[in-house]
1. Out of residues 5 or more away from LEU275 or on other chains, whose amide H comes under 5 Å of its own, with H placed 1.01 Å from N in the peptide plane?
2. So what does the Cα-only Debye profile of segment 61-138 read at q = 0.14 Å⁻¹, as log10 I(q)/I(0), no solvent term?
3. Computed from the coordinates I sent, P(r) over Cα pairs in 20 Å bins from 0, in percent equals one of [x] 29, 50, 20, 1; [y] 37, 60, 3; [z] 32, 56, 12, 0. Tell me the label.
4. Which lysines have a Cα lying under 28 Å from the Cα of LYS8, excluding residues fewer than 8 positions away in the same chain?
5. Can you give me the Cα centroid spacing of segment 216-288 and segment 118-191 in angstrom?
6. In terms of Cα to Cα distance under 28 Å, which lysines are near enough to LYS175, apart from those fewer than 8 places away along the same chain?
7. Report in % the part of the accessible area of segment 10-120 that belongs to carbon and sulfur, leaving out ligands and nucleic acids; probe 1.4 Å.
8. What is segment 207-311 by shape, rounded, prolate or oblate, if you read a ≥ b ≥ c off the alpha carbon gyration tensor as root eigenvalues and call it rounded for a/c under 1.5, prolate for a/b larger than b/c, and oblate otherwise?
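The values are calculated or read from the model by the stated rules, or taken from the named source; none is laboratory data. Keep in mind that what you see is a predicted model, and the values were worked out from it rather than measured. Only protein heavy atoms, including side chains, enter the accessible area calculation; ligands, DNA and RNA are left aside. Shrake-Rupley method; radii C 1.70, N 1.55, O 1.52, S 1.80 Å.
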Amino acid sequence: MPLDPNLKTMLDSLADVGGPAMTEVSADEARAMYKLMSPIAGEPEDVDAVESRSVPGPAGDIPVRVYRPAAAPLGDPRPILVWYHGGGWVIGDLDTADVTCRSLANATGAIVVSVDYRLAPEHRFPAAVDDCVAALEWVIAHGDELGGDPSRIAVGGDSAGGNLAAVVSLDARDKGIALRHQLLVYPVTDATLSQPSMEENAEGYLLTKESMVWFVDHYLGAQGDPKDPRLSPLHADELAGVAPATVFTAEFDPLRDEGEAYAERLREADVPVELTRFDGMVHSFFALGVVTPVAGEAMALAAQRLRADLA
């Protein structure tokens, strides 16, 4: 189907503004540019409470932000969703994920723990993975301190955050940790950047192939292996036994095919998985509720699936 007209208007407006591409500036400048775009996500929802704290990590404390939802459809103690923000492992932080985390908390009734993992190129692969694993393990050990139920934990993330959620789910399986669900929103699963949609949607749809090359180069470095399953879970030898999954993809997204290929591999491994492609959408649509109503539909569907597995 054609590109969503609301998104087309937004993309045209961004093109008219001009300015340097993210790939033409430093990582710090790219982070500042990304933060300037945060208002596109709209006004944050009110939640019952927000707490900033830190948890121990392999290279020092990891900042996290804990959201307690306004309503309690799943009762107390509440289940917990550990959320990993997007941004190509280079940009993004707790603030850029704030609107999404508030909406997820209220829509699911779960406590949401947003993780501010280390970013590249200052901290290359697998630093982000190590931080995300450490944060999940802390939540499992201390979730009751947050008013949560450590036996009902899900992970999730968008884009690079979806990549990290998938990788953390594999790590959890290997350690015998029983996660209830993994929510993978247009995840990176194949850092070889070789899927057909990487060329089909290479330009003009917010995320570009050029920016994906830039992100992977910053995160992995010249000597890294793009098929390492801690970076590219699509290349993991075995997916059986990981948590049930919801995978969202967008029609006009360079990452579309790798997300769908990962869902198919999960299905082949007898992992319960529900894949939804959102036609007419571009990368990052999930956070664009004020731009397109489809974002709200996706949030409602994500919440429905999380509630079912976290009950």
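1. Hits under the 5 Å cutoff: VAL247.
2. Relative scattering, expressed as log10 I(q)/I(0), comes to -0.46.
3. So the calculated entry is the one marked [y].
4. Within the straight-line cut-off, LYS8 pairs with LYS35, LYS209.
5. Using only Cα atoms, the two centres lie 14 Å from each other.
6. Cross-link targets: LYS227.
7. Details: 2410 of 4640 Å².
That share works out to 52 percent.
8. Details: a/c = 2.22, a/b = 1.15, b/c = 1.94.
Cα axes put segment 207-311 in the oblate bin.
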